[in-house]
Amino acid sequence: MQVLLKGGATSLQRLVPIWSVSHRLIHPSVTRLAGARAPTSVDLPDRAKVVICGGGIAGTSIAYHLAKLGWNDVLLLEQGNLTCGTTWHSVGLVGLLKGQSVLGQVSRWSAELYESLKEETDIDTGFRVTGSVSVAQTQDRLTSFKRLQAREREIGTECEIVTPSEIEKLVPYLRTTDLVGGIYSPKDGRTDASNTVMALAKASRSNGVNIVEGVQVNKIRSENGRVSAVETSHGTVKCEYFVNCGGQWARDIGLKSDPIVRVPLHSVEHQYMITKPIPGVEPQKYPYVRDTDVGNYLIDWGGGFLAGMFAKKGKPLFFDGIPEKSEFLSMPEDWDHFAPHLQGFLKRVEGAEKAEVQQLFNGPESFTPDGLPLFGPAPEIDNYFVMAGMSSQGIVYSGGLGRVMAEWIVKGHASLNTWCMDVRRFTEYHNNKAFLRDRVTETEGNAYHNPYPGDVNFETGRMLRCSPLFGAQRQAGAVFAEKGGVERPVYFMNPANQEALYDDLQKGSFGKPAWFDYVSEEYWACRESVCLMDMSSFSKFELESDGPEACALLQKLCPNEMDMAIGSVAHTPMLNERGGYENDCSVARVSENKYFIISPTQQLRRGFKWISKHLPSDGSVQLRDVTSHYTGINVLGPRARSVLQRLTTTSVALVDMKPFTVRDISIGYANAVRAISVTHAGEDGCVLYIPNEMAINVYNSLMSAGKSYGIRNVGYYALRWLRIEKLFAYWADDFNDTHTPYEIGREHRVKFDKDIDFIGKSALLAHKKAGIRFRLTQFTLEDHDTDYHHWPAGGEPIYRNGQYTGLVTSSGYGPSLGKIVCLGWVTNSDPMTHEYITKASYEVDVAGQRYKAKATLYPHKQATRHALIG
Ligand SMILES: Cc1cc2nc3c(=O)[nH]c(=O)nc-3n(C[C@H](O)[C@H](O)[C@H](O)COP(=O)(O)OP(=O)(O)OC[C@H]3O[C@@H](n4cnc5c(N)ncnc54)[C@H](O)[C@@H]3O)c2cc1C
């Protein structure tokens, strides 16, 4: 097989048909659809309870599940024919090993659904269980597979680590000499995406859903902040719910409402090559293959092979707009882009050099800034839901996600915690098109190319949001990572060393990280002297009224006491009706009728929406998002008060400014600096919320006032170690909207005696009575060598007396304990006592190796003891 790249014809290229002319003859799915043109005359109803926009796998799956739940007053509108967006050209792989429980769970539901549809509809979806093998060319990749295998323990998906010779037996046509192993997933399947949609559509129709092709949604109307109607190319349809399943068009559909709905995704070219039939290649005889180190997947197809790619550097598409006529769209082939993948195919498959290419297919698919879908309720308009941005996983996810979405619409909440995919995790800033165009160049390949655990340090789309301290921090040697688009220093190092360590730092690690010594120093500085940490990314809201309404609202939203003395701060959940953590915040009462609310960075859109949804309709309470108005500087450590005192005339001594208090003080030249004496790290000190234009002045003043105390900058990795050691759980990292305060040991933040029917009260009372079956617990690894062993990074299974009991949620090193410390879940089918949790033997499985662990429900003394200096 020979392909000449960068221009010039070769014998091989002459064999390649021009896709745009002949694709309907080649792609098996499309031949079945040929002739199914959109009707010329359309009879639209003038109302429907739910309108779904988009007749791909996402839209039809939601329609199917809504009807199953008894909601059949559903209208699905498709501008062309069903499947004509991205779905028709999908390969249809349904792989179950996803590395995150929720993703694995929805994938399993998809597989079960696609298999069952034949019996229900008489349409063979083409779903077959063939299994799959992912091969490892490097030890690091194999380690990532071992982590994956351990993780799958939670939902019980079968899989096994295999040797190169076992791979050869499973897939005899593979060359395995360069492999170190792989992971075999026997229950992985493949389906025919178009037939699957046809089966979903047939079942939906027979359950009463109205599916209309050839109708374009032009506008989504809302009244009083709630979906009210949809304007289409064929008239207006009144409705109560709208679901945007517009695939790569979903961002544009989001712009067709007032207010606009942000759906941050961008189209990317996605290619696969199909060979002509090869003698001896039998259909569906062997598992399909992922060669992740080169970003390839490989499957038998039409008697030959299909080799697909996940490009390390994706090619964004349609920056200036998706063409008006885009049904069954494909792009010109790009052999240059496919070149490394072609090499990978030739290297991997026995006799591949003799294969003849039938076509290189190039189809558009939309990707998101982190490569996970956009799912759930849009915060901008009530009853507006989104399921799009499938990032090349739309077939495997849609069956299961459609089920969760239908439940969400019908019941008002999801049965699974889908926060990692929630559309609200992104801010309005992420919807910028230039940002999206640049970022998706990385997200296409990331799932295949990055084997390391933890945060992904994207190189593109950076510096989207920067605090006013960014320049000063960069000069001081900050290494940044982004959260919610905000650049946050994770640690500081001598800028001269940064270049030398760049590759190690970028690459990631399974073991002791390259930055270990820097973060250790920062940790000890926080415990022993004084440090500055930039907390600007936290979400900040102001709530105010003329009378007592703001207080009354917070009393309803929060189980903790909100009618506290002016100048007090309370840490409190905001619970949903099921008693789960909708938000976790610090609330400061700054005056009689004014509160300042600090929430996690990720809560910017979700937290704001939750409060605004409960505002009194008479307009008596005002809610403002002031996140971008204030810079947050955490001054922490035993010397923090001494440094602050040098810069203010207000007494900041412990007796005058106790923990959990707030006051507006002047620091240096700056007035109206809001000082909240909670450091989120369990150390003494406070966070200063400074109007942005004065932030650099305050920062410089603090730096010079603290010089004699050895003041220094510290980053978020030190905060992580500090808070994990002290058993401070973080929302989204450790717990979510399915967990109650009892399950994370925060019952003291629930005040049943405040005599107010706060949201979630009855659910909590019931929970208290029934006892807890989940408990967040701290573990220290006892026989783990931090220098030589792999480190946990979250997602590791925990075993209690040899039985699986839960997963690690977050982990770090505990310098004062000299051990790895993890937070994670202990679960039981019956209510648990403290003894059940602590009087047992535990192990944590890190990449296939189990380490002894000690469980505790309270932090160790060494981690909380304050250094007594001065
Ligand atoms: C080459 C390739 C291979 C793939 N292989 C796999 C795979 O093996 N496994 C896997 O899980 N995924 C795979 N995918 C991804 C998968 O195909 C997609 O994620 C999935 O099809 C997306 O489905 P969807 O319903 O979200 O979008 P679409 O299928 O694009 O459906 C959206 C629909 O909305 C319609 N629409 C848009 N605007 C309007 C409007 N204003 N009014 C009315 N209708 C409108 C469009 O016409 C379109 O039909 C692959 C993708 C590609 C490109």
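At 222 nm, what value in deg cm²/dmol follows for the chain if DSSP H runs of at least 4 each add -39500 (n - 2.57) and the sum is divided by all its residues, to the nearest 500? Could you put the intermediate results ahead of the total?
Numbers: 23 runs with 237 residues, N = 870.
Estimated from H runs of four or more residues: -8000 deg cm²/dmol.
Under a 5 Å amide H to amide H cut-off, with H placed in plane at 1.01 Å, what residues pair with Ser568 once short-range neighbours are removed?
Arg589, Val662
Given points 7 Å out from each Cα along the Cα-Cβ axis, report the Lys769 to Gln622 separation in nanometres with one decimal.
4.4 nm
Counting pairs on different chains as well as pairs 8 or more places apart, how many Lys pairs in region 185-279 have Cα atoms under 25 Å apart? Display every interim value, and only then the final one.
Numbers: Lys202/Lys238; Lys219/Lys238; Lys219/Lys256; Lys238/Lys256.
Here the count comes out as 4.
Exceeding 32 Å between C-alpha atoms, which entries from my cross-link table qualify? They are Lys98/Lys483; Lys118/Lys609; Lys118/Lys354; Lys169/Lys354; Lys146/Lys768.
Long pairs (Cα-Cα over 32 Å): Lys118/Lys609; Lys118/Lys354; Lys146/Lys768.
From the residues Thr572, Thr627, Asn497, which one has its Cα farthest along the dipole of the chain in the positive direction, the dipole being from +1 and -1 charges on Cβ of Lys/Arg and Asp/Glu about the Cα centre?
Selected residue: Thr572.
What list of ³J(HN,Hα) couplings, whole Hz, do you get for region 788-805 from phi and the Karplus terms 6.51, -1.76, 1.60, once you set θ to phi - 60° and write x for glycine and proline?
10, 8, 5, 9, x, 9, x, x, 7, x, 10, 10, 10, 6, x, 9, 4, 10
So how many Å³ per residue does the convex hull of the Cα atoms of the chain work out to?
With only Cα atoms used, the chain gives 167 Å³ per residue.
Work through the residues other than Arg605 whose Cβ is under 11 Å from its Cβ and net out their charges, Lys, Arg +1 and Asp, Glu -1.
On the way: positive: Arg262, Arg424, Arg425, Arg606, Lys609; negative: Glu380, Asp422, Glu428, Asp625.
Within the 11 Å Cβ shell, the charges total +1.
Identify all aspartates and glutamates with a Cα-Cα distance to Lys411 below 17 Å; exclude those on the same chain that are fewer than 8 residues away in sequence.
Those aspartates and glutamates meeting the cut-off are Asp73, Glu240, Asp382, Glu577, Glu582, Asp737.
What does the charge add up to near Asp757, with Lys and Arg as +1, Asp and Glu as -1, over the other residues with Cβ less than 12 Å from its Cβ? Could you put the intermediate results ahead of the total?
Numbers: positive: Lys556, Lys754, Lys761; negative: Glu577, Asp755.
Computed value for this residue: +1.
Enumerate the amide H contacts of Thr83 below 5 Å, restricted to partners 5 or more residues apart or on another chain; note that Pro and chain-start residues carry no placed amide H.
Gly55, Gly56
Could you report the accessible area of Arg720 in Å², rounded to 10, computed with a 1.4 Å probe on the protein chains as they sit in the structure?
Around 80 Å² of this residue is reachable by solvent.
How large is ³J(HN,Hα), in whole Hz, for each residue of region 819-827 in order, when computed from phi with the Karplus curve 6.51 cos²θ - 1.76 cosθ + 1.60 and θ = phi - 60°, using x for Gly and Pro?
Going residue by residue, I get 9, 6, 10, 10, 10, x, 9, 9, 10 Hz, with x marking Gly and Pro.
Could you tell me the largest-minus-smallest coordinate of the C-alpha atoms of region 630-710 on each of the three principal axes, in descending order and whole angstroms?
28, 26, 24
Over the chain, what is the percentage of antiparallel beta bridges among all DSSP beta bridges, to the nearest 5?
80 percent
Using the Karplus curve 6.51 cos²θ - 1.76 cosθ + 1.60 with θ = phi - 60°, work out ³J(HN,Hα) for each residue of region 377-392 in order, rounded to whole Hz, and write x for Gly and Pro.
Coupling constants for region 377-392: x, 6, x, 6, 9, 5, 6, 9, 10, 10, 9, 7, x, 6, 6, 6 Hz.
Answer rounded, prolate or oblate for region 761-870, using the Cα gyration tensor with square roots of eigenvalues a ≥ b ≥ c: rounded when a/c is under 1.5, else prolate when a/b is larger than b/c, else oblate. Can you show the working numbers first?
Values: a/c = 2.29, a/b = 1.29, b/c = 1.78.
Taking the square roots of the gyration eigenvalues as a ≥ b ≥ c, region 761-870 is oblate.
Cross-link partners among lysines for Lys761, C-alpha distance below 17 Å, same-chain residues fewer than 8 apart left out?
Qualifying lysines at Cα under 17 Å: Lys556, Lys751, Lys769.
Which lysines, if any, have their Cα less than 21 Å from the Cα of Lys839, not counting same-chain residues under 8 positions apart?
Straight-line reach from Lys839, under 21 Å: Lys726, Lys819, Lys852, Lys854, Lys861.
Using Cα pairs under 8 angstrom and six or more residues apart, how large is the relative contact order of the chain, in percent?
Values: 2033 pairs, mean separation 98.2, N = 870.
Result for the chain is 11 percent.
Using the Cβ atoms and a cut-off under 14 Å, what net charge is assigned to the surroundings of Arg720, where Lys and Arg are +1 and Asp and Glu are -1? Spell out each step's value before the answer.
Working: positive: Lys483, Arg488, Arg723, Lys726; negative: Asp455, Glu522, Glu683, Glu725, Asp733, Asp734.
That works out to -2.
How big is the dipole moment of the chain about its Cα centre under a simple scheme where the beta carbon of each Lys and Arg is +1, that of each Asp and Glu is -1, and everything else is neutral? Debye, nearest 20, please. Intermediate values should be presented prior to the final figure.
Details: 93 positive and 97 negative charges, 156 e Å.
Here the chain has a charge dipole of around 760 debye.
The values are calculated or read from the model by the stated rules, or taken from the named source; none is laboratory data. In this text the structure is predicted, and so the values were computed from the model without any measurement. Please note: Cβ atoms are built from the backbone with ideal geometry, for glycine as well, and neighbour counts cover all protein chains shown. In case anyone asks, the SASA skips ligands and DNA or RNA and just uses the protein heavy atoms, side chains included. Shrake-Rupley method; radii C 1.70, N 1.55, O 1.52, S 1.80 Å.
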